[in-house]
């Protein structure tokens, strides 16, 4: 009878461990400025798209991320899952019309579904498929 409470506690701990290990990670987009000057990333959304709306998007269907200093970063979360699930990436690509990255030294634009898809796909790390990493260098 002495072992019964220990078994219940161990069983509960094992159940909780399995429950947390089985959960999907949170999908996110991580932005980091590694340049020596301020930089910005501007996301423009397709009209009427409600999936994967960024939290601070304004009425003009844009979301501007300002990364002021070297090492400045921001992470935007979108719920559970990974970007390697095709429907998740498809929904994100359908929502974003363009991405513009501006720094002191350069300016890049990615416009249209094909360029946006390539931009996001190339920035999904092999080890963390739940994250899109936009590193400005």
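The values are calculated or read from the model by the stated rules, or taken from the named source; none is laboratory data. Since the model is a prediction, treat every value here as computed from it, not as a measurement. Here the Cβ is made from the backbone with ideal geometry for all residues, glycine too, and neighbour counts use every protein chain on show.
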Given the criterion outside any strand (DSSP E or B), surrounded by 10 or more Cβ atoms within 10 Å (Cβ to Cβ) and either in contact with a strand residue (DSSP E or B) (Cβ under 8 Å, 6 or more places away or on another chain) or at pLDDT 65 or above (or both), identify the matching residue among 60, 28, 91, 87. 91
Criterion: modelled with pLDDT of 75 or more, over 15 Å from the mean Cα position of the chain (by Cα), surrounded by 11 or more Cβ atoms within 10 Å (Cβ to Cβ) and not in a helix (DSSP H, G or I) - qualifying residue of 47, 97: 97
For region 114-127, does any single residue satisfy the condition of being outside any loop (DSSP other than H, G, I, E, B) and more than 22 Å from residue 61 (Cα to Cα)? yes
Inside region 122-136, the number of residues satisfying the requirement of being loosely packed, with under 14 Cβ neighbours inside 10 Å and in contact with a strand residue (DSSP E or B) (Cβ under 9 Å, 6 or more places away or on another chain) is 2
Against the definition (surrounded by 17 or more Cβ atoms within 10 Å (Cβ to Cβ), assigned to a strand (DSSP E or B) and at pLDDT 90 or above), how does residue 76 come out, yes or no? no
Could you list all residues from region 104-116 that are at negative phi and at pLDDT 90 or above? 107, 108, 109, 110, 111, 113, 114, 115, 116
